[in-house]
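Readers should treat all values here as calculations from the given coordinates under stated rules, not as data from a laboratory. Small disclaimer: the values here were computed from a predicted structure and weren't measured. Every residue, glycine among them, receives a Cβ derived from its backbone with ideal geometry; neighbour counts consider all protein chains shown.
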Amino acid sequence: MAGFDLEKQHFPLQKIQDVVDLFRGQLTRDGGIDLSLLSIILGTIENALTINRSHTVSKENETKLQPIFPVIEWETIEALHTKFVTIIKSNVDLSKYPEKFATRELVKRVSDVIWGGLTRAFYKDRAHLQSLYSFLTGNKLDCFGVAIGVVAAFQVLGYSDVHLALSEDHAWVVFGENQDQSAEVTWHGKGNEDKRGQPISETVSAKHWLYLNGYPVVCSIEMEVAALVSAANPSITASIDSVEMGSLQQELLWLLHDMGHLAKYPMALGNLADLEEICETPGRPPPLNLLTEGVQSAEQYYKNQHIYPYTYLGGHLYRIGDYRKALKAWACASDVIKNYDYNREDEEIYKEFIEIANDLLPNVMKHVSLDPESLRFDTEAYANFLRFYDGICQWEEGSPTPVLHTVWAKQFVFSLGKFDSRIRKCVQIHADGVEDESSSSDSNSEDENEENCDVNANGIVKDSLVVKDVIVKKPCGRKPKAKRRRFG
Ligand SMILES: CC1(C)CN=C(N2CCN(c3ncnc4sc(CC(F)F)cc34)CC2)S1
């Protein structure tokens, strides 16, 4: 079939299933995935469901009281797709780049074409600026949108070696015959000069959270579709989401999950878990399974250098009231951050730890009652509490930018003081992997410690330090909704 005949069959798109079927067709067909087409379709739907909600409702939806869904005509999509192809092909003279694989000069040229298509005066932090629909109808893109736009442009130019590289707060591209080249293609944060065209070297990424210490998510074409879907934003206002857009995102993420394309993408698994927490899909596993998959993916493919798998997990456990496990997840997040050096481009992860230490943790400790099962008497919880703060202190050590200040100290003392004083005797602090000579000499004190640790404040036998998963029976507080983080 010529050109887009396969895609045309799905139009007009009138309901979520039509879009899922089109994406499945793209993901399973041999002729390759058209990223620009999918980005335009997703952006058009998002625009209609969040910004311009005054669309006609199809007769079918009207009668069946289905969720409202815009009628998307093929001609609309085709016109925007043709416009993108024309912009790219008319601004990149391929005769100057005879090589089969992309070169740094060509990557910089394509990034300049996307960059050149942006209006200057727009607020880059706004929502709904991540798709080619935004680029083509409003000349606006956020930093993630520029990166995915460059990758989509290289597809239009016929290259298959340029792919999206993702950290937890930045995006760039890898390219070349062995995918061993990398280049900045977008900006990061506010007030930072963009470094477009420059490689991301070992020294730049080592101990730097923004580059995940050299363990970013390097996308396949299918994972780039997952990034497009993850970047979709169902927000209508700060407090209202489009149910239809959220369901579409959820269905598409399950489609990608079932095809194995989220296996190496912890943040997409986290996004899907958050959507499932809001509205579970019948017959699908619970959010906790997806969050555990995300942690295991980061451990297996990214040397456990990612933070978000643990803060996604901790946030969910906090919201369902499982505070012991939330504390354990946050301590694991701290175990990862402690090996990084904090610097001025790491604000997003700084905000993440500030929220845990100065908002979520104090809220947990505030609500603990005299209930013997509460965290106050739990040695493992206390050990995880100390592990959490120790990791943040190690994060600061050797960093060019300080992390801690008095607000941290005040909240630390507040939370620390909530643990029962008798518990503090039950936790032996070992240096991190270093056996100093003193530790062997005080083994008898360790025994002495142990004997008065087997019974806690209320006569309940507790293992002093044996790690056991303890399920908290009573949630400590109200259940807030997952907070959506800015996407790049
Ligand atoms: C535990 C959290 C605070 C909850 N949401 C979080 N997100 C983190 C960022 N999100 C993401 N979700 C999927 N893929 C990506 S790639 C990327 C970096 C950007 F510059 F490209 C961000 C991001 C989505 C939401 S972390």
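Summary table
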| item | result |
| --- | --- |
| Cα-based convex hull, region 162-296, per residue volume (Å³, whole number) | 131 Å³ |
| Exposure proxy ranking, count of Cβ atoms within 10 Å, fewest first, for 112, 346 | 112, 346 |
| Cα-based helix-to-principal-axis angle, 323-337 vs the chain, degrees rounded to 10 | 70 degrees |
| Peptides 5-14, 144-153 ordered by average Cβ neighbours within 10 Å, highest first | 144-153, 5-14 |
| Nearest-ten-degree value, helix 143-156 long axis tilted from longest Cα axis of the chain | 40 degrees |
| Ranking of 429, 236 by count of other Cβ atoms within 10 Å, fewest first | 429, 236 |
| Proxy reagent accessibility, fewest Cβ within 10 Å first, across 407, 217, 85 | 407, 85, 217 |
| Peptides 291-297, 31-37, 92-98 ordered by average Cβ neighbours within 10 Å, highest first | 291-297, 31-37, 92-98 |
| Rg [Å, one decimal], Dmax [Å, integer] - region 309-418, C-alpha atoms | 13.5, 44 |
| Per-selection Rg to Rh, region 219-347 - Cα, Kirkwood hydrodynamic radius | 0.97 |
| Whole-number D in µm² s⁻¹ for the chain, Kirkwood Cα-pair radius fed into Stokes-Einstein, 37 °C, 0.692 mPa s | 133 µm²/s |
| The chain - mean residue ellipticity at 222 nm from DSSP helices (-39,500 (n - 2.57) per run, n ≥ 4, rounded to 500) | -14500 deg cm²/dmol |
| Computed over region 15-145, the ratio Rg/Rh where both radii use C-alpha atoms and Rh is Kirkwood | 1.03 |
| In nm, spacing of pseudo-spin labels at residue 280 and residue 301 (7 Å Cα→C-beta vector) | 2.7 nm |
| Solvent-free Debye scattering, log10 I(q)/I(0), computed from the Cα coordinates of region 342-403 at q = 0.30 Å⁻¹ | -1.28 |
| Kirkwood hydrodynamic radius of region 118-202, from inverse mean 1/r over distinct Cα pairs, in Å | 13.5 Å |
| Under 5 Å, built H, 5+ apart or other chain: amide partners of residue 235 | 242 |
| Rounded tilt (10° steps) of 308-319 against the dominant C-alpha axis of the chain | 70 degrees |
